[in-house]
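Input: a single structure, listed below in structure tokens.
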Amino acid sequence: MSALFATITSVISNPLTGRGRMLVLLAALSLIPTFFVPLWHMNFWSQQYPDGLDMYIYSHNLVGGNDGNDLTEINVLNHYIGMAELKPEDFTELKWIPLVIGLIAVMTLRASAIGTIGSVIDTIVMSLYFALYSLWSFWYKLHQYGYNLDSKASVTVDPFTPPVFGHKMVGQFEVWSYPALGTYFFMIFGLSLLAALYFSWKKKPVA
């Protein structure tokens, strides 16, 4: 067992290759656009709204399509079924997500500077935890909105959880939920780190 731990310690202490360092730097830079472009997109469609209503989820805000008017219209429709108004200030995630992204960017730059396999693994583990927790938090928030309906609402619908990913019928609306541009930058981030590990791990350390 001690030999196994010694081997693992030796491997994670190995330096990144030059290509690996560049890929880690690319990963850090790919996080910059995630502050400015939407991470997720929800579309609400019905015969009454043939063009659909759009809601974009940024790291720091909720923004409706059509210059913000779609979010207002979505909230009006939600009122009829007894759902609480969607307000950015009620989403605590929008306060800490930009901070965590910034911290991960700093960790990634640090990994590029330190230049070891272990520092990249640390960044990947932290990023994976952040991604999974964010998705769970997003699902839980939608679940809370869909299950805490006002019993005195004009229109009665069964409690529901809007989709985090994919399609679902909610009353007379088809709701689509899928990643937006910012999430693809996160994918570039993750793939760049994995590629850095691949090119550095397979390279035999020089004695």
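The values are calculated or read from the model by the stated rules, or taken from the named source; none is laboratory data. Just so we're clear, the structure is a prediction, and the values are computed from it rather than from any experiment. Cβ placement follows ideal geometry from the backbone for every residue including glycine, while neighbour counts extend to all protein chains displayed.
List of remarks:
- Region 88-102, subset surrounded by 16 or more Cβ atoms within 10 Å (Cβ to Cβ) and hydrophobic (A, V, I, L, M, F, W, C), residue nearest to PHE189 (Cα to Cα): ILE101
- Annotation: of all residues in region 129-169 being small (Gly, Ala, Ser) and out of contact with any Pro (no Cβ under 7 Å at 6 or more places or on another chain), the one that is surrounded by the fewest Cβ atoms within 10 Å (Cβ to Cβ) is SER151.
- The listed residue being within 11 Å of PHE44 (Cβ to Cβ), of a type in the set (Val, Ile, Thr) and modelled with pLDDT under 85, out of VAL155, VAL175, VAL170: VAL170
- Complete set of residues in region 29-73 that are β-branched (Val, Ile, Thr), assigned to a helix (DSSP H, G or I) and surrounded by fewer than 20 Cβ atoms within 10 Å (Cβ to Cβ): ILE32, THR72
- Residue in region 79-94 that is nearest to PHE36 (Cα to Cα), counting only those that are free of Cβ contacts under 8 Å to residues at least 24 places away in the same chain and in a helix (DSSP H, G or I): GLU89
- Given (1) in a helix (DSSP H, G or I); (2) surrounded by fewer than 17 Cβ atoms within 10 Å (Cβ to Cβ); (3) modelled with pLDDT of 95 or more, index of the condition ALA105 fails: (2)
- Residue within region 155-163 that is touching a His at 6+ places or on another chain (Cβ under 7 Å), touching a residue at least 12 places away in the same chain (Cβ under 8 Å) and assigned to a loop (DSSP other than H, G, I, E, B) present: yes
- Residue in region 169-179 that is farther than 21 Å from PRO33 by Cβ, assigned to a helix (DSSP H, G or I) and among the aromatic types (Phe, Trp, Tyr) present: no
- Contacts under 6 angstrom Cβ, first residue in region 191-207 being at pLDDT 95 or above, partner part of a loop (DSSP other than H, G, I, E, B), 6 or more apart: none
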